Amino acid sequence: MLRKILLFSLIFILSACSSPAEVGRQLTDTESAVLRLIDSEQLYASIQELTKEPRIAGTESERIAAAFLSTQLEQYGYEVDVQTFTLQSSTVDKPESQNLIVTKKTTDRLPSTDDIIVIGAHYDSVVLSPGASDNASGTAVLLEIARIIKDTPTQSEIRFIFFGSEENGQAGSQNYVNEMTADEIERTIAMFNLDMVGSADAGPLTMFTVDGMPNTATKIGNKANVDLFGETLSLASSAQSDHSAFHNVAIDAVMFTHFPLEKAYHSANDTIDKLSEQRLENITRILTMSILELIALESE
C-alpha cells in the first residue's frame, strides 16, 4: 500500500453505531459449518509459499506468485480468468502484470438476484520485502475464503480478485474497474478489500473507506464482527489501496487492515514470523461471515 503511513487518517469514527458492543449472536448451522472449515495451517502454507521472495509488479517473481495462486484455485474447482495489463511506469524488462479473477456463479436451483459481490486482495509486494503482512496475509485469507465457500449455495455472484501491481499505483484494481461494463458496475453491491490483515505488531483491525463514511460494505463487515466477537469496528478514511478504484465508480467499498501499521511495513523485516495466527483466523471469519450475511440478506 503506497505511502500508507503518511496518508492514513488519524481520526476514527464508529462504523455502525457508537453504542456499547452487543453480545455475539448464535450462528446459524450454515455459518457454523462453513467457519469450521477454516484451516490456519492452510493459511500459513500459502503465506510461506508467497513469501519466498519479493513479488515486485511486472517481474517473474510476481508471475510465479500468480501461477501458484492459479494452481490452488484450480485445485479447489474454480476456473481462473487471467487479466493481463501493461504497467505505465515500470523499470522492469517486461512491464506487464496480471489480475486473477475467479467467479463463483449463482446456484442453478436458486433464483438469481443479479447482484455481484467482490472480495479482493493484492498479491504483489515492494522491492526487497517478502511482504508477509503486505500483502501475503490478505492474499492467503482471500484464497482460504474461496476454498471454504466453494460449495455454499448462493443467489448472488461472488468474484474473488487477486490484484497485481497494487504497489505500482494500484494498477491492477484500476485496470479491473476500467474493464467493467456499466451493467457490472450497477450490479456490484459491495467490494471488500483485504490489505495487511495479519500483523501481530500492528494496531486493531480497522475499516477504511475513501471518504470515511459508512456504506453497505462497512455495515455488513461491522455486523459480522459484532455477531462473531460482540464488538464494533472503527472506521477511518484512506484511498491508499485497491478499494479506491471501486469507490470512484460509486461502488460501496471498504478496506480491512490493522492500524496503526507495524514497524516492519515495506521493509525486509515483513516476514511470516511477525504474523498472528489468531488475527489471520479472525479476519477470515469476519469476511466469510460478511459474504454469508450478504447472501442471507439478498435471499430475504
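Read-outs: derived from the displayed coordinates by stated rules, not from any lab. The structure displayed is predicted, hence computed values, not measured ones. No Cβ is skipped: glycine too gets one built from the backbone with ideal geometry, and neighbour counts run over all protein chains shown.
Using 30 Å as the Cα-Cα cut-off, could you pick out the over-long pairs in 105/263; 105/274; 104/223; 52/223? Where the Cα-Cα span goes over 30 Å, the pairs concerned are 105/263; 105/274; 52/223.
Shown in residue order for segment 235-251 are the 3J(HN,Hα) couplings computed by the Karplus curve 6.51 cos²θ - 1.76 cosθ + 1.60 at θ = phi - 60°: 10, 9, 10, 6, 10, 8, 6, 6, 5, 4, 4, 6, 4, 5, 10, 6, 9 Hz (x for Gly and Pro).
Using the Cα gyration tensor of segment 112-254, with a ≥ b ≥ c the square roots of its eigenvalues, what is the shape: rounded (a/c below 1.5), prolate (a/b larger than b/c) or oblate (neither)?
Rounded, because the longest to shortest axis ratio a/c is under 1.5.
Could you work out which residue, out of 248, 225, 168, moves most in a Gaussian network model of the chain, that is, has the largest mean-square fluctuation with Cα springs under 10 Å? Per the Cα network of the chain with a 10 Å cutoff, 248 tops the list.
Taken one residue at a time, the phi angles of segment 95-105 give Karplus couplings (6.51, -1.76, 1.60, θ = phi - 60°) of x, 10, 10, 8, 9, 10, 10, 10, 10, 8, 7 Hz. Gly and Pro are set to x. As a rough guide to protection, the peptides 125-138, 74-87, 257-270 ranked by mean Cβ packing within 10 Å, highest first, stand as 125-138, 257-270, 74-87. Dividing the helix sum by the residues of the chain, where each DSSP H run of 4 or more adds -39500 (n - 2.57), gives a mean residue ellipticity at 222 nm of -10500 deg cm²/dmol.
Largest GNM mean-square fluctuation among 36, 187, 159, using the chain with Cα springs under 10 Å: 36.
Normalised by the number of residues in segment 218-300, the mean separation of alpha-carbon contacts (under 8 Å, six or more apart) gives a relative contact order of 42 percent. From most to least packed by mean Cβ count within 10 Å, the peptides 25-33, 272-280 give 272-280, 25-33.
Overall size of the chain from C-alpha positions, given as principal axis extents largest first: 52, 41, 37 Å.
Could you calculate the contour length gain from residue 52 to residue 248, that is, 0.36 nm times the residue separation minus the distance between their Cα atoms, to one decimal place in nm?
67.1 nm
When only alpha carbons are used to place a centre, segment 110-144 and segment 33-89 end up 9 Å from one another.
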